[in-house]
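I have placed the structure first, in the form of structure tokens, so that the comments after it can refer back to it.
The values are calculated or read from the model by the stated rules, or taken from the named source; none is laboratory data. For clarity, every value in this text was computed on a predicted model and none was experimentally measured. Positions of Cβ are generated from backbone atoms using ideal geometry, with glycine treated the same way; all protein chains shown enter the neighbour counts. Please note that ligands, DNA and RNA were not included when accessible areas were found on the heavy atoms of the full protein model with its side chains. Shrake-Rupley method; radii C 1.70, N 1.55, O 1.52, S 1.80 Å.
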Amino acid sequence: MSTTTTEELSATTLLRFATAGSVDDGKSTLVGRLLHDSKSVLADQLEAVERASASRGQDAPDLALLTDGLRAEREQGITIDVAYRYFATPRRRFILADTPGHVQYTRNMVTGASTAELTVILVDARNGVVEQTRRHAAIAALLRVPHVVLAVNKMDLVDYQESVFAAIAEEFTAYALELGVPEITAIPISALAGDNVVDPSANMDWYGGPTFLEHLETVPVSHDLSHCHARLPVQYVIRPQTAEHRDYRGYAGQIAAGSFRVGESVTVLPSGRTSTISGIDLLGEPVDIAWTTQSVTLLLEDDIDISRGDLIVPTKDAPATTQDIEATVCHVADAPLTVGHRVLLKHGTRTVKAIVKDIPSRLTLDDLSLHPHPGQLVANDIGRVKVRTAEPLPVDSYADSRRTGSFILIDPSDGTTLTAGMVGESFASPEPVKDEAEDDGWDF
């Protein structure tokens, strides 16, 4: 058998990052400038932007149009949807998520940053740190994004003053550190003029740090899989039942974390049954080992009742199963989430009935204080919830695994996503209070 190292090697050169900020802070312009100055824009794309800009009476190309592709976005001059862009430099490959700044679309920032290893939070140098800046910083901390860049934009409109940049950087850094953000890098830029985006600025000789692109190319991105908890959510059971594969029974899915090896003892959750990996198929070829993000098929020595939604884990590193989940959540639906709310909880490939037993607290963004027992969470609120599921689930702490420590709550009536949840402690919470409310028959 052969070992597979291509994905492991290429992963070290890939950075996923997201941009966030308030309306008109210049996120799309920054992304457009980054793509343009790094020679990542095709000639026909640039010509289309030039034509669109000219038709709107603009003298110079509006680089924001490179990412604002929806008709409503161009008409209103704002970002609504998450725009993904793929580009590369000689030093690294990038997957960029340009997320909306309007409060109404904060939920899309959660989507874009959920898989990011770095989040760029833009601030208008004229306005400084505002409420939406704090909200985005809180979401980055909540999602455990390891690197945060504070891009102080529109420095040209404040005459490139160092004192303006220093005051904003100091205020934001103090706030983000209180949230537990592990690393913060502040960079003064002008996306419109191109200062410190790809090339160093001649207008800010007082700044001795890296340009925006240089930081993206050199920020350390950890892909050490040896300390991850290996997890494989089963998506599909493969039973060809052909003459060639009469006894073939494989369990297919994308490895959420860690690695699996042939000969390794594994446990299937929530049933708790154990077996040994007899083979691993990757792209139709047998391999000895498979890593996170690879889509594989595991073969086991024993015939075990396994179906979609089950989780295969190493026996020596199996998480506990529970029906009581406490998590920090960001509520993304227009309708509020209330105590007693009947929901569906989707964790990995498994979806179960659940009920919201308590909402212990809601986070106040201004001073990071906790409002105890608010009774409900409305759109864009961040708070703590306690959920009781109808079936036991094998959940990890989000701090240990972003994939298997996260879940979403779904409205069972129409399938709308209500809430994105992160299991375990993200912010301090008040003492739990016993919920004595009636369960209306949903007593799990």
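Values as computed for the structure displayed
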item	result
Estimated Rh, region 123-280: Kirkwood, alpha-carbon pairs, angstrom	19.8 Å
Extension gain (nm, one decimal) between R126 and A399, 0.36 nm per residue minus Cα-Cα	94.7 nm
Where labels lie 7 Å past Cα in the beta-carbon direction, separation of Q235 and I304 in nm	2.1 nm
Förster radius 35 Å - calculated FRET efficiency between R51 and W206 (Cβ-Cβ, nearest 0.05)	0.35
Solvent-free Debye scattering, log10 I(q)/I(0), computed from the Cα coordinates of region 255-335 at q = 0.20 Å⁻¹	-0.92
Accessible area in square angstrom per residue, region 267-383, 1.4 angstrom probe	41 Å²
Simple label model, 7 Å out from Cα along Cβ direction - E285 to T218, nm	3.7 nm
5 angstrom amide H check on L393, placed H, neighbours 5+ away	T322, Q323
